[in-house]
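The values are calculated or read from the model by the stated rules, or taken from the named source; none is laboratory data. Computed from a predicted model, the values in this text were never measured in an experiment. Counting neighbours? That spans all protein chains shown, and the Cβs are built from the backbone with ideal geometry, glycine included. Note: accessible area is taken over every heavy atom of the protein model, side chains too, but ligands, DNA and RNA are not part of it. Shrake-Rupley method; radii C 1.70, N 1.55, O 1.52, S 1.80 Å.
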Amino acid sequence: MCRQVKSPIHHSCLPASFVYKMCFRSNVFRLRKIVFSENVRYYAGIYQKNPQLKPATATIETIKAKLTENNTLSIEEWRNIRLDILNERRFNNTNVDSVVLGLCPNLRIGKSYVSFLQQQGLETNLAIVGRLLRLYRLKEDAISEQDEADIWRMYTELREQNTILDANTCEHAINALTLTKHWRHCLELLEMIKITGTPDGSSYNCIAAKAFATGDESTGWIMLQEMCENKRIPNDDSFLAWIEYSRNREGQSFPKNLERMLQFTNDHAVFLSKRIGKELLQLPQDLGINVRETRITDSGKCSHCKGNLSSIIVTKDMFQRMRDAFLEAVLINREIFNRTTPEELNRFQTFLKKTLPYDVVIDGLNVAFSSGNQKNPTVYAQQVASVVRHYVRQKKRVLVIGRRHMDKWRSKEMKYIRENSFLFLTEDLSQDDPFLLYAALESGPKTDFFSRDLMRKHSFMLGNELSAVFKRWQQEHQYSLLSILPDGRVIIKDPFKYDLYAHKSCANQWHVPLVEYGNRIPKIEKQNDWLCMSIK
């Protein structure tokens, strides 16, 4: 698929966008040449990313403790560590060494283990070299010229010995190559991974951060865009590299570049971390920005500037597109109704035509089991009835979605539910959420729904653009039960109906929420920590 790498390729004199397109086209040509001229199934097998075997948790903890405590390990200590893993039947002489390297906390200890293998006359295979390359990311001090030379040497040897690299090795090599001046070869490795899968977030982020650090903003933003489209999340390194690049960029407006980053996080529903927030707070005001820590009230007011956050905006057109995409998945692709029957779906559609519209759709079992599932059915019915009563008192039209076995909850509470709301019971093996969302979306853009479920799989199903619309609609319309008081009154968690992501609320004012770790998606709820930013 790819020719052997014999010497570094210098692109410094070529435009970044041209280089990227050139690499992409030539790589695709070479990939096609190999795949179609050889046994396709064989090469697909090579490309497939293998799941990583892990030793037992106790074994991992014991080995990690040894590796962390000891600066240098003797031959006997390495031999014992290797035997500890081999004693688990899943491991053999082929895969044990890459597992040990995966447990090494830094490059120095990883090299010590490779040295041990060489002394024992044991062969270093593809997986071992890949793991060692990845450890350069964990080097305790700065990468030296010798380190760069070693990375390039190992990579070129890999390519000379292997016409095609598996996805795991590609990802390891990307992590190492992006520490060097040879980082553009990672674009070829990225295309290799795409043959049978999707690159991991680490690969995208390493390339994006390196691209920004070397002034290739075009490639950097291509990587960020592509990773979000593939449901990967940009990490701190990518954004910090963009901030640093923008600070050092002569002739460009830093505020403009900062706003580009903030708008990107809003467009792709990405949160910034507290680590990035700390960097933003330390920026000098002569760059044209003023950053302050702040708190946001439940009514959406900023305690620093006294301004209000922007309200969530899901236009009628956006809602209609999201609704149509959801219904297409239901009626055509059947992606989410795979545990129901055509007869049940037809019965539900007929029910909706007779009873629409609703003000609120309630997930009956979600409410019933909100305080545990080891209680008497009468208690379950009381909880659902309390929520229904709450909305009936407000003159709301209520639909309760439940399951067939709720028919056995014989009580006055169930009678109240039947007489004061619409009740649809699915088969016991069917899923509740699709029916709930179907009813709420069919009922119109003003209908609320009542559930604690995060609905992530349904959001994911809609694709990148409409997924963001779904999340905003969900945030605005989803209510959930907090508790029921002894007198039957319910305490309900209302949605936070303001933009949860970084956004401009007026001419020059941005409000930016911060989470503990930006690469972990938190629940769709208001964050405690915010920045109030004035950008000129």
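Sort through LEU122, LEU107, LEU135, LEU103 and tell me the only one that's more than 33 Å from the chain's Cα centre (by Cα), closer than 20 Å to TRP78 by Cβ and of a type outside the set (Gly, Ala, Ser). Selected residue: LEU122, the only one of LEU122, LEU107, LEU135, LEU103 that is more than 33 Å from the chain's Cα centre (by Cα), closer than 20 Å to TRP78 by Cβ and of a type outside the set (Gly, Ala, Ser). Only residues that are open to solvent by 20 Å² or more (accessible area, probe 1.4 Å), farther than 21 Å from VAL379 by Cβ and outside any strand (DSSP E or B) were counted across the stretch 475-494, and they come to 2. State all residues of the stretch 151-166 that are modelled with pLDDT under 95, open to solvent by less than 20 Å² (accessible area, probe 1.4 Å) and assigned to a helix (DSSP H, G or I); if no residue qualifies, say none. Those that are modelled with pLDDT under 95, open to solvent by less than 20 Å² (accessible area, probe 1.4 Å) and assigned to a helix (DSSP H, G or I): LEU158, ARG159. Looking only at residues of the stretch 75-88 that are among the hydrophobic types (A, V, I, L, M, F, W, C) and open to solvent by 30 Å² or more (accessible area, probe 1.4 Å), we find that the one that is nearest to LYS111 (Cα to Cα) is ILE75. Quick one: what pairs do we get from the stretch 230-245, first residue within 11 Å of TYR204 (Cβ to Cβ), second hydroxyl-bearing (Ser, Thr, Tyr), C-beta under 6 Å, 6+ apart or different chains? Close Cβ pairs satisfying both conditions: ASN230/THR198; ARG232/TYR204. Filtering PHE326, PHE369 for residues that are out of contact with any Gly (no Cβ under 6 Å at 6 or more places or on another chain), surrounded by fewer than 20 Cβ atoms within 10 Å (Cβ to Cβ) and closer than 20 Å to ASP453 by Cα leaves a single hit, PHE369.
All conditions but one from (1) open to solvent by 40 Å² or more (accessible area, probe 1.4 Å); (2) closer than 23 Å to THR68 by Cβ; (3) part of a loop (DSSP other than H, G, I, E, B) apply to PHE91; the one that does not is (1). Of all the listed residues (ILE401, ILE417), the sole one being crowded, with 19+ Cβ neighbours inside 10 Å and either without any contact (Cβ under 8 Å) to a residue 12 or more places away in the chain or over 23 Å from LEU454 (Cα atoms) (or both) is ILE417.
At pLDDT 90 or above, assigned to a helix (DSSP H, G or I), among the hydrophobic types (A, V, I, L, M, F, W, C) and at negative phi - does that describe any residue in the stretch 19-37?
Keep residues of the stretch 19-37 that are at pLDDT 90 or above, which gives none.
Scanning the stretch 19-37 turns up no residue that is at pLDDT 90 or above, assigned to a helix (DSSP H, G or I), among the hydrophobic types (A, V, I, L, M, F, W, C) and at negative phi.
Results for (1) in contact with a Phe, Trp or Tyr (Cβ under 8 Å, 6 or more places away or on another chain); (2) of a type in the set (A, V, I, L, M); (3) under 20 Å from LYS504 (Cα atoms), shown as yes or no for each residue.
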site: LYS210; (1), (2), (3): yes, no, no
site: THR214; (1), (2), (3): yes, no, no
site: ASN235; (1), (2), (3): no, no, no
site: LEU240; (1), (2), (3): no, yes, no
site: ARG247; (1), (2), (3): yes, no, no
site: ASN257; (1), (2), (3): yes, no, yes
site: MET261; (1), (2), (3): yes, yes, yes
site: THR265; (1), (2), (3): yes, no, yes
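Restricting THR72, THR68 to those that are under 20 Å from ARG137 (Cβ atoms) and open to solvent by 80 Å² or more (accessible area, probe 1.4 Å) reduces the list to THR68.
For the stretch 181-199, which positions are assigned to a loop (DSSP other than H, G, I, E, B) and modelled with pLDDT of 95 or more?
At the first step, the residues of the stretch 181-199 found to be assigned to a loop (DSSP other than H, G, I, E, B) are 181-184, 195-199.
Those that are assigned to a loop (DSSP other than H, G, I, E, B) and modelled with pLDDT of 95 or more: LYS181, HIS182, TRP183, ARG184, PRO199.
When every residue of the stretch 386-398 is checked against the conditions, at least one turns out to be basic (Lys, Arg) and in a helix (DSSP H, G or I). Please go through the stretch 186-245 and give me each residue that is under 18 Å from ARG137 (Cα atoms) and small (Gly, Ala, Ser), ordered by number. Hits for the stretch 186-245 are GLY201, SER202, SER203, ALA208, ALA209, ALA211, ALA213, SER238, ALA241.
I'm checking my understanding of the structure. Among residues of the stretch 400-434 that are part of a helix (DSSP H, G or I) and touching an Asp or Glu at 6+ places or on another chain (Cβ under 7 Å), which one is modelled with the lowest pLDDT?
That would be ASP432.
Let's see how each residue does on (1) part of a loop (DSSP other than H, G, I, E, B); (2) open to solvent by less than 70 Å² (accessible area, probe 1.4 Å); (3) under 20 Å from CYS302 (Cβ atoms); (4) free of Cβ contacts under 8 Å to residues at least 40 places away in the same chain:
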{"site": "LEU454", "(1), (2), (3), (4)": "yes, yes, no, no"}
{"site": "HIS458", "(1), (2), (3), (4)": "no, yes, no, no"}
{"site": "ALA468", "(1), (2), (3), (4)": "no, yes, no, no"}
{"site": "TRP473", "(1), (2), (3), (4)": "no, yes, no, no"}
{"site": "ALA507", "(1), (2), (3), (4)": "yes, no, yes, yes"}
{"site": "HIS511", "(1), (2), (3), (4)": "no, yes, yes, no"}
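Remark: pairs (first residue in the stretch 141-155, farther than 15 Å from GLY110 by Cα; second residue among the acidic types (Asp, Glu) and assigned to a helix (DSSP H, G or I); Cβ separation under 8 Å; 6+ apart in sequence or on different chains) are absent.
In the stretch 193-205, the qualifying residues are those that are free of Cβ contacts under 8 Å to residues at least 40 places away in the same chain and open to solvent by 10 Å² or more (accessible area, probe 1.4 Å), and the one that is farthest from the chain's Cα centre (by Cα) is LYS194. Checked against (1) touching a Pro at 6+ places or on another chain (Cβ under 7 Å); (2) within 23 Å of TYR204 (Cα to Cα), LEU126 passes all but a single condition, namely (1).
Considering the stretch 335-394 alone, what residues qualify as being of a type in the set (Lys, Arg) and either more than 33 Å from the chain's Cα centre (by Cα) or closer than 18 Å to SER480 by Cα (or both)?
The initial filter retains those residues of the stretch 335-394 that are of a type in the set (Lys, Arg), namely 339, 347, 353-354, 375, 389, 393.
ARG347, LYS353, LYS354, LYS375, ARG389, ARG393, listed by residue number.
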